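First the structure, in the form of structure tokens, and then the observations on it.
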Amino acid sequence: PKLVVLGSERGDRGTKSFYTARYQWIDRWLVFNLADGFCANSQFGRHLLITYGCRKKIVVIPNVVDPAAIDLQPVISVREIYNWPPSSTLCCLVSRLVDYKGIDDFINFVKMCKQDIRFLIIGDGPERERLGSLVRGLSLNDRVVFMGQLNPVVPYVKNTDICVLSTRESEDCSNSILEYM
């Protein structure tokens, strides 16, 4: 049997803070030469592959969110879990905890909020300790909760009033935004 190698494009190949120029060159040279074909999650991702020099077959398979499956998920009351007032506004951010996602910007925004808003950060990653230190340093422990990696995440998100995407750079077809909607 022949081994088939597929590459993918999700729109993050061009983000300068995520990939160094050297990494971008190695990524494009290696992946573009080894892959038999590519999958992109949007027409924009297809366009990026072509712009970056990909000459292989590209198939677009859009991100899909099944609203019926989401409707079947239960609602978990985060306010009850953390003993927050029912009248408080609940805001959540679902993300990998990596630098270019801008979660530190989100936390700094929390410090400026004067209203009774509580904040959930759902996800995990290499920035978890640094972000936790930022929350403690800004004395936001009573308003910001790191819930970690959850699966499924929908029951928690369904209970929120505001959902946030704080990525510093373009995120062309965000799964989080699709799921929030």
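Assess whether residue 107 counts as being surrounded by 15 or more Cβ atoms within 10 Å (Cβ to Cβ), on the phi < 0 side of the Ramachandran plot and among the β-branched types (Val, Ile, Thr). Before the answer, list the steps.
Working: surrounded by 15 or more Cβ atoms within 10 Å (Cβ to Cβ): yes; on the phi < 0 side of the Ramachandran plot: yes; among the β-branched types (Val, Ile, Thr): yes.
For residue 107, the condition - surrounded by 15 or more Cβ atoms within 10 Å (Cβ to Cβ), on the phi < 0 side of the Ramachandran plot and among the β-branched types (Val, Ile, Thr) - is met.
Please find, within segment 20-41, the residue that is most open to solvent (accessible area, probe 1.4 Å) out of those that are part of a helix (DSSP H, G or I) and touching a strand residue (DSSP E or B) at 6+ places or on another chain (Cβ under 9 Å).
First, the residues of segment 20-41 that are part of a helix (DSSP H, G or I): 21-34.
Retained after the next criterion (residues that are touching a strand residue (DSSP E or B) at 6+ places or on another chain (Cβ under 9 Å)): 31-32, 34.
Details: 31: 40, 32: 21, 34: 109 Å².
Checking each candidate, the answer is 34.
Would you point out the residue of segment 133-181, among those that are among the charged types (D, E, K, R) and closer than 19 Å to residue 76 by Cα, that is least open to solvent (accessible area, probe 1.4 Å)?
Out of the qualifying residues, it is 143.
Inspect all residues belonging to segment 82-94 and state whether any of them is aliphatic (A, V, I, L, M), out of contact with any Cys (no Cβ under 9 Å at 6 or more places or on another chain) and without any contact (Cβ under 8 Å) to a residue 40 or more places away in the chain.
No: segment 82-94 contains no residue that is aliphatic (A, V, I, L, M), out of contact with any Cys (no Cβ under 9 Å at 6 or more places or on another chain) and without any contact (Cβ under 8 Å) to a residue 40 or more places away in the chain.
Pairs under 9 Å by beta carbon, first residue farther than 24 Å from residue 151 by Cβ in segment 95-113, partner in a loop (DSSP other than H, G, I, E, B) and open to solvent by 80 Å² or more (accessible area, probe 1.4 Å), six or more apart or different chains?
From segment 95-113, the pairs are 105/168; 111/139.
Here are 42, 77, 95, 87: which of them is in contact with a helix residue (DSSP H, G or I) (Cβ under 8 Å, 6 or more places away or on another chain) and either closer than 30 Å to residue 129 by Cβ or of a type in the set (S, T, N, Q) (or both)?
The unique qualifying residue is 95.
Hey, can you tell me all the residues within segment 114-143 that are farther than 22 Å from residue 158 by Cα and of a type in the set (A, V, I, L, M, F, W, C)?
Hits for segment 114-143 are 131, 134, 135, 138, 140.
Out of all the residues in segment 87-121, which are within 18 Å of the chain's Cα centre (by Cα) and small (Gly, Ala, Ser)?
Within segment 87-121, 95, 102 qualify.
Quick one: which of 139, 174 is at negative phi and small (Gly, Ala, Ser)? I'd like the intermediate steps shown before the answer.
Values: 139 fails: at negative phi.
The conditions single out 174.
The values are calculated or read from the model by the stated rules, or taken from the named source; none is laboratory data. Only a predicted model underlies this, so the values are computations on that prediction, with no experimental measurement involved. Quick reminder, even Gly has a Cβ in these numbers, built from the backbone with ideal geometry, and neighbours come from all protein chains shown. Ligands, DNA and RNA are excluded from the accessible area calculation, which covers all protein heavy atoms including side chains. Shrake-Rupley method; radii C 1.70, N 1.55, O 1.52, S 1.80 Å.
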